[in-house]
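Working notes for the structure below.
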Amino acid sequence: EIYEAQMLLNRFSYHVGSPNGQWTSATQSAIQRFYQESDQSFDGKWSAKVLSDLKDRRLITMPRSGPLSFAEKDEMFSKVRLKYDDVSAMEKPWYQLNQLNFDVVSSDEPALPFCYPTPQDCSTDNPGLYLPDPHNAAVGDFNGDGLQDLAIAWVYFIHTTKREKTPSHVRFYLNDGKNNLISSPEIYALDEVPLRHMLYRMTVNDFNNDGRDDLFVGTMGVIMRVKGQKKTLDDFEPNLLLLSTKDGKMEDASNLIEGQENGGMIKDYKFSHATNSGDINCDGFADIYTGNVLLMGDGTGRFSNKSRDLPQGIYSHQKANAFASTIADFNGDGCGDVAMHLWDRTIKVWMSSYGKHLPRTFKELGMEDYYGKGNMKVNDMTSGDLDGDGDSDLVAAITRKNPYYLGRKILIFINEEGELI
């Protein structure tokens, strides 16, 4: 019972370290904080009621995996219905717009009232149903047939309340080589689909070094705004790691991440608004930066938590948790550098020196403070060689913090001898 309570405390950000089933001072202090913030008293002693109260506090109660029916082929559209004007406007002499077979994802779960993005912005009308959304996507050859496939992380909105029947999940749309991307739940090994409350940003890489594409998806969990309260109610969840198998399947290997061995949480992890992969420690294997954690890969699909290496975040007791990020070797020394946007800041680059992972510099890019000081949000980033000179450049998508998501710009930084300008 104490072990289960420790797992829940970590999910709610009352961190107790690695669960061990022992009645420790850290566990006692975390439970004390839990009751204080719930305006309840606690006598400092363990009882079965503590576990019962923690279970009642859960915002995520859906299972971590389920049958293939969660990602089954629903009603099928034989063609994506596009207006002629839309097609003619998008087609160019050097490419044509093909109609792709696609399937419908639906929901019949009634939504709950919610507050978003602030505790003052609360719904007054009937919110209707939780609505499915193809929120993030990634491409890769997931079944090893040499064709590019599509992976979509489906999310149900609104995402900041408790749901019972609509788990977030990844659907793989396999390329048949005939202009069709076909929803293929059978790609999952063991005939089970991994489920979460909110799967978010995705990254594709060969994490187990078998020459096939793998997939990592960061999680957001539930961050519930409560009317009239400054503090949110949180319930976080493990990230998702899917590794390729020899027979062209994708297998849930989330337990190979340090801290997630038994369905637990990475130490001090909360949520991931940004997720990227690349060789950060210069050993030839893909690593992952997601949320406020740095995961170093060993080439077998196993990851160790090296978050202590990260630069400081916006608070002295936290590591950098980027709102947007990308990994590329900007200075050409063979090590992956991380460009990141921290809340209320601009863009900084955590850059290696002389082919060594540590120590690193953490310098801010020279750029205009759009939308007023502290009001710019970099919502996404990517990198690539835009000008064809052989080094990585940076692209950032920005918007306003207030009014929320109103306005947008694309910023391009060209790499000039390791400097992003």
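Since every read-out is calculated from the coordinates, none of them should be taken as a lab result. Here the structure is a predicted model, which means the values were calculated and not measured. Cβ: placed from backbone, ideal geometry, glycine included. Neighbour counts: every protein chain shown.
General remarks:
- Here K92 is the anchor, and the lysines within straight C-alpha reach of less than 22 Å, apart from those fewer than 8 places off in the same chain, are K79, K83, K178.
- Gap separating the Cα centres of the range 319-397 and the range 271-309, nearest whole Å: 16
- Estimated distance in nm for a label pair at S106 and K363, the labels positioned 7 Å out from Cα along Cα-to-Cβ: 5.7
- Listed by Cβ neighbour count within 10 Å, with the fewest neighbours leading, E258, E186 appear as E186, E258.
- Computed over the range 62-309, the percent of Cα pairs more than 34 Å apart is 22.
- For the chain, the Cβ-based charge dipole about the Cα centre amounts to some 1780 debye (Lys, Arg positive; Asp, Glu negative; other atoms uncharged).
- The spread of Cα positions in the chain, taken along each principal axis and listed from longest to shortest, comes to 73, 54, 47 Å.
- Given charges at Cβ of Lys, Arg, Asp, Glu: the range 1-58 dipole, positive-most of A48, S38, L8: L8
- For W94 and C282, the difference between the fully extended length at 0.36 nm per residue and the C-alpha to C-alpha distance is 63.8 nm.
- Treating r as the C-beta distance of T300 and S41 and R0 as 60 Å, the FRET efficiency rounds to 0.80.
- Legend: ranking of residues W23, W350 from fewest to most surrounding C-beta atoms inside 10 Å; resulting order W23, W350.
- Ranked by how many other Cβ atoms sit within 10 Å of their own Cβ, fewest first, the residues C122, C335, C115 fall in the order C122, C115, C335.
- DSSP beta bridge pairing in the chain, given as percent antiparallel to the nearest 5: 95
- MRE, 222 nm, helices only [DSSP H, n ≥ 4, -39500 (n - 2.57), over the chain, to nearest 500]: -2500 deg cm²/dmol
- Stretched out straight at 0.36 nm per residue, the stretch from D145 to H317 would grow longer than its current Cα-Cα span by 57.3 nm.
- Added length on full extension, which subtracts the Cα-Cα distance from 0.36 nm per residue, A26 to N402: 131.5 nm
- Partners of K377 within straight-line reach, counting lysines whose Cα lies under 28 Å from its Cα and excluding those fewer than 8 residues away in the same chain: K162, K227, K230, K231, K267, K270, K306, K319, K348, K363, K401, K409.
- Between the range 189-245 and the range 130-147, the alpha-carbon centres lie 14 Å apart.
- Cα-based reach from K246 at 20 Å (exclusive), listing aspartates and glutamates while leaving out same-chain residues under 8 positions away: D141, D145, D149, D176, E186, D191, E192, D206, D210, D213, D214, D298
- Simple spin-label estimate for E164 and D387 gives 5.8 nm between the two label positions (7 Å along the Cα-to-Cβ direction from each Cα).
- Electrostatic dipole magnitude of the range 310-421 [Cβ: Lys, Arg +1; Asp, Glu -1; Cα centre; debye, to 20]: 880
- Of the chymotrypsin sites (Phe, Trp or Tyr not before Pro) found in the range 310-340, the ones in coil according to DSSP and having at most 15 other Cβ atoms within 10 Å of their Cβ are Y315.
- Comparing L59, S25, N208 along the charge dipole axis of the chain, the residue lying farthest to the positive side is S25, per the Cβ-charge model.
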